[in-house]
Structure formats: C-alpha cells, structure tokens
Amino acid sequence: MKKFLLVLIVLAMSVAAQANIITYSDSVTGLFDLVPDTDLLVSQFDSSLGTLNSVTITFYTALQGSLGFENLKQFGGNFSISTNNIYAAVVIGGGICASNYNDNQMYTATLGAYDGTTDYAGTSGTILATYSDSDTMPFFFNTPDSMAQFLGTGNMTFTTQTFSMMSLGLPTNSEAAINTTGQASVTISYDYTPVPEPATIAILSLGGLFLFKRKTA
C-alpha cells in the first residue's frame, strides 16, 4: 500500500511540474518589389493554458540589392557611374530590429555598344554592385511585470517598414536600376507550466483518498 501511494504521489508531482513550450511566428518576404509594408502578428499567451514562466521573442530582418547599368549608345567605351546616395532599409517595430545598406562611391565599367536588350547583362550591361545585410535581435522576459504585455487572447503587433532612396550620376544615353528585396520575421516562445489535466487531478484525488482511508482506518 505504501509503495503504491508513493508511486501515485511521485507521478502526480512529475506530471504537474512539467513545463511546456508553445511557439508562434509570422514572416514576410518580397518586401520592396512584391508586397507592401505589413504588420507581423504573433499570438499572446492565453493564461487559461497555465502559468507563464518566461518569454523569448526573436526579430529578424534582411535585405539584398543590386545595382545594374546598361549602355544605350550605339558604340562602346569606358563609363563612370556615381552612386551619390543609395539607401535601403527594413525595420521592425520602429527600430527594434533593422537591416540596411548605403552606397556612395564611383564605379567604372567598360562595355560594348547597346545589344538591344536592357537587361544589365550581355555585352552592353553589367551589375556594378550587390548589397546585403541582416540583423537578429532576441529578447528574454521572466518577471511578472515584463511578461504582462504578452498575456491575453489577442495578438502582439509589430510594424514592418521599408525605406529607400536613390541618387545616381549617369552618362548620357544610359540606364541604371536598383533591385532590392527584403524579409522580416518574428518568433515568440512561451515557456509555461500547464494547468493539471484531469488525469493528474484524478491521481492526486486517489492519493488523497488513500490517505483519508488510512487516517480513518
């Protein structure tokens, strides 16, 4: 009897104390060229699931770009192209996490006569530069005050914004283009101790019943 009761109590304590982790995430790709700026949404923690122990939230941004140049003249030669100011950025939450690139310099290219296709390739076109950047920002919360914002049955909302500008110095009868794309994501993990399940409650009740019978025997 004692061994059986001990097993019941140990099993109940083990099940009741086990922590769980639930994770939510949202992401967007194709910023700048395919989709507009958007909000990232992740669910709050529903306190009916149990007691929240800690929150880990990670933000990620990235972008890639390229500068293409095409000679449109009917003869080739050496060309100089200045990027007076090229800038692009992806930002989450007004600055929680941000990626950007900035270019301000002189490029030179030797190209042939216009080959009939403005594709920044072939004999009359080239890619002068490529750009990329990424940023990851993790945050951890484990105090009641800091975790309060995560409690509820709605969503946590984080704005995603893109910024870009371009100022180029080009020779006559030429064309240049900047192709930029970006990504952003947020992932949140809730570490919590769940509310005891009916089976656990039954085990605890059974253990209590044995204790009651033993005392009254």
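Every read-out reported here was derived from the displayed coordinates using simple, explicitly stated rules and does not represent laboratory data. As the structure is a prediction and not an experimental result, all values here were calculated from the model. Ideal geometry is used to build each Cβ from the backbone, glycine not excepted, and the neighbour counts take in all protein chains shown.
Observations on the model:
- Packing-based exposure ordering (other Cβ within 10 Å, fewest first) of GLU70, GLU175: GLU175, GLU70
- Dividing the C-alpha radius of gyration of region 23-195 by 2.2 N^0.38 Å, with N its residue count, gives 1.45.
- Separation of region 69-100 from region 37-59 is 37 Å, based on Cα centroids.
- Largest first, the three principal axis extents of the alpha carbons in region 21-74 are 73, 17, 11 Å in whole numbers.
- Size of region 72-136 from its Cα atoms: along the principal axes, largest to smallest, the extents are 50, 21, 14 Å.
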